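Engineer: Let me give you the structure first, and then I'll get to my questions.
The values are calculated or read from the model by the stated rules, or taken from the named source; none is laboratory data. Bear in mind that the values here come from a model prediction, so they are computed numbers and not experimental data. We place every Cβ from the backbone using ideal geometry, glycine too, and count neighbours over all the protein chains shown. What goes into the accessible areas is simple: the full protein's heavy atoms, side chains included, and nothing from ligands, DNA or RNA. Shrake-Rupley method; radii C 1.70, N 1.55, O 1.52, S 1.80 Å.
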Amino acid sequence: MVQLIIGEKGKGKTVELLAKVNEAVKNAKGNLVYIDKNTRHMHELSNKVRLINATEYPITNADEFLGFVCGIISQDYDLEQMYLDSFLAITSLNGKEIVDSNVLEKLDKISSQFKVDFIISMSVVEEELPEAMKSNVIIAL
């Protein structure tokens, strides 16, 4: 399943995402991964969550990001959830390019195939999302 936390920049999406991951770790049976564009939130995350700084890797577009995610999944059979912060910055997409890239639909297929849930924060308003993904919004700020 792909869940979305959306809203304009600076509205508190990261705070919501951090709260979700720190709550989820209490009941997780598998591993949790938090991908961000830096390590600024390292001390706000439970030490049971693996933090990955995506900018340390040569990711320049959405397809490379999907390959990166699949690589993480292939190395961890106990992976349960992935939290993706600064999603648009990491994938080098803007709000309008989400529709053309089909990246959210591809993540949904990956989620179904490998039984990994994705919780994503991104700076978009609901109107910029693909119609099929609007029902995946769990928090709109």
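Engineer: Rounded to the nearest 0.05, what FRET efficiency is calculated for Ile138 and Asp63 with R0 set to 30 Å and r the Cβ-Cβ distance?
Structural biologist: 0.70
Engineer: Between Glu128 and Asn38, what is the FRET efficiency for a Förster distance of 25 Å, r being their Cβ-Cβ separation, to the nearest 0.05?
Structural biologist: The value I calculate is 0.55.
Engineer: Considering only protein heavy atoms, what per residue accessible area in square angstrom results for the chain with a 1.4 angstrom probe?
Structural biologist: So the chain comes to 53 Å² accessible per residue, rounded to a whole number.
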